[in-house]
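J.: My questions will all concern the structure given below.
Quick note: the coordinates plus some simple rules give every number you see, no bench work behind them. Remember, it's a predicted structure, so these values are computed and weren't measured experimentally. Note that each Cβ is placed from the backbone with ideal geometry, even for glycine, and that neighbours are counted across all protein chains shown.
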Amino acid sequence: MPGQAFNEQGFFSVPTDLREGRLHSWNVAYQRQLPGAFTGEVAYVGNRGQDIIARIDLNAGYTVGADNAGRPLFAQFGRSASTTTTVPVKSTYHSMQVKVDRRLRNGLLVTNSYTLGRGYNYFNGDSNGSISTPADFERSWGRTSFDSTHNYTSSFVYLLPWGPQGRWMREGLLARVLGDWQISGIFSATSGTPIEFTASAAGLRAPGNTQTPNATGKPEVFGDIGSNALWFDTSVFSAPAPGEWGNVRRNGLLTGPAYINLDGSLVKVIRFGSRHAEVRVDFFNMPNTPHYSNPNGSLGNGNFGRVTGIIGQTERLIRFGGRFMF
């Protein structure tokens, strides 16, 4: 029947008063010159998103336990499909940022930065995400899916102190062979991102809503990786009672594995009078350490509590290159 087919077809509705969101940013910093060619800076950086666009199902079940009868358009039109639209929401971010840098002196340049931050929003993803709990809007407020509390990055460039541009052994064949070498590296250490815990929404009886499990406390982190190994203790989780929300809030219980990486480069400069060539070798993921993705957070899934994926460059990669500058 045409009417039935229409009611079972999903639609997207664009509000006539839709407008672009706004982001208000502010910061204050204190800088100071330190001994040994170092400079330091401490800053507070924050922002607030206003009228950020998120998606929401207008015909989701807005009454827990009512099934399709809880859909606003079901009683009036018999409509059981989704009618998605956009809704303005907010976001917040606050952080302390610390930098300690050493300007190039005696062939050595060092930069260090550390951020202690926390961001909150209503949906997972970078933008245009969906509100997963229309029946209880505020349950979707939580840490951003890419939020990392601690971020540390350090980089350095070191020109070896011998050769034509160094302090020692500036002349002769040996100076040309051993001189003009440069080593550099970037070290990154980032704490884990939130694990998204979900459970079957069948007992919630509110179509279009995402359910979370119950937890008796914060699970112990074992940190084990492997086909039958658990990264966290799954025994503290259980399914919620029918018609009730789980007590685990969105992105609020546990974070996943940290990300630690080291890249490096070795460069040799070969001089021809006023011109010179550069031969280099770059090492990505020098320790050859795997970078693990978050463990599975879906209660009832066979891999619940297990890490089954990797992210980014996980094997050591060596790249050779050269260039001539004139």
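J.: Sorted by average packing, counted as other Cβ atoms within 10 angstrom per residue and highest first, what order do 314-323, 150-159 take? Display every interim value, and only then the final one.
T.: Working: 314-323: 10.8, 150-159: 16.3.
With the highest mean Cβ count within 10 Å placed first, the list reads 150-159, 314-323.
J.: What is region 2-325's relative contact order, in percent, from Cα pairs under 8 angstrom and six or more apart in sequence? Walk me through the numbers on the way to the answer.
T.: On the way: 836 pairs, mean separation 43.2, N = 324.
About 13 percent, as a whole number.
J.: Set the Förster radius R0 to 25 Å, insert the Cβ-Cβ distance between residue 225 and residue 128 as r into 1/(1 + (r/R0)^6), and round the FRET efficiency to 0.05. Provide the component values of the computation, followed by the final result.
T.: Working: r = 33 Å, r/R0 = 1.33.
The formula returns an efficiency of 0.15 here.
J.: Tell me the label-point distance for the pair residue 105, residue 136, using the 7 Å Cα-to-Cβ offset, in nm and rounded to one decimal.
T.: My value for the distance between the label points is 5.7 nm.
J.: Could you tell me whether region 1-104 comes out rounded, prolate or oblate from its Cα gyration tensor? Rule is a ≥ b ≥ c as square roots of the eigenvalues, rounded for a/c under 1.5, then prolate if a/b exceeds b/c, otherwise oblate. Don't skip to the answer; put the middle values down first.
T.: Details: a/c = 4.68, a/b = 3.94, b/c = 1.19.
Judged from the Cα gyration tensor, region 1-104 comes out prolate (a/c at least 1.5, a/b above b/c).
J.: Once the piece of chain linking residue 183 and residue 319 is laid out straight, how much longer is it, given 0.36 nm per residue of separation minus the C-alpha distance between them? Let's see the in-between values first.
T.: Working: separation 136, 0.36 × 136 = 48.96 nm, distance 1.47 nm.
Computed gain between residue 183 and residue 319 is 47.5 nm.
J.: Let me ask another. Report the full-extension gain for the segment residue 279 to residue 67: residue separation times 0.36 nm, less the Cα-Cα distance, to one decimal in nm.
T.: Values: separation 212, 0.36 × 212 = 76.32 nm, distance 6.74 nm.
Separation in residues times 0.36 nm, less the Cα-Cα distance, equals 69.6 nm.
J.: I've got another one for you. From the backbone phi of region 7-13, what are the Karplus-calculated ³J(HN,Hα) couplings (6.51 cos²θ - 1.76 cosθ + 1.60, θ = phi - 60°) in whole Hz, Gly and Pro given as x?
T.: With coefficients 6.51, -1.76 and 1.60, one gets 6, 9, 9, x, 9, 10, 10 Hz.
J.: Using Cα pairs closer than 8 Å and at least 6 residues apart in sequence, work out the relative contact order for region 175-262, in percent. Intermediate values should be presented prior to the final figure.
T.: Numbers: 132 pairs, mean separation 36.4, N = 88.
Relative contact order, region 175-262: 41 percent.
J.: Taking only Cα atoms of region 2-325, what ratio of Rg to Rh do you get with Rh as the Kirkwood inverse-distance radius?
T.: On the way: Rg = 27.2 Å, Rh = 24.2 Å.
Taking Rh as the inverse mean 1/r over Cα pairs, Rg/Rh reads 1.12.
J.: If the chain between residue 272 and residue 286 were fully stretched, how many nm would it gain, using 0.36 nm times the residue separation less the Cα-Cα distance?
T.: Working it through step by step, the gained length comes to 1.8 nm.
J.: Using label points projected 7 Å from each Cα along Cα→Cβ, tell me how many nm separate residue 50 and residue 92, to one decimal.
T.: Label-label distance for residue 50 and residue 92, simple model: 1.5 nm.
J.: Restricting to DSSP H runs of at least four residues, report the calculated mean residue ellipticity at 222 nm for the chain, -39500 (n - 2.57) per run over all residues, nearest 500 deg cm²/dmol.
T.: Details: 3 runs with 16 residues, N = 326.
After summing the helix terms and dividing by the residues of the chain, the value is -1000 deg cm²/dmol.
J.: Moving on. Where does each of 88-100, 223-235 land if you order them by average Cβ count within 10 Å, highest first? Before the final figure, lay out each step's value.
T.: Details: 88-100: 16.2, 223-235: 14.5.
Going by the mean number of other Cβ atoms within 10 Å, highest first, we get 88-100, 223-235.
J.: Points 7 angstrom from Cα along the Cβ direction at residue 239 and residue 202: gap in nanometres?
T.: Taking the two extended label points, one gets 0.6 nm.
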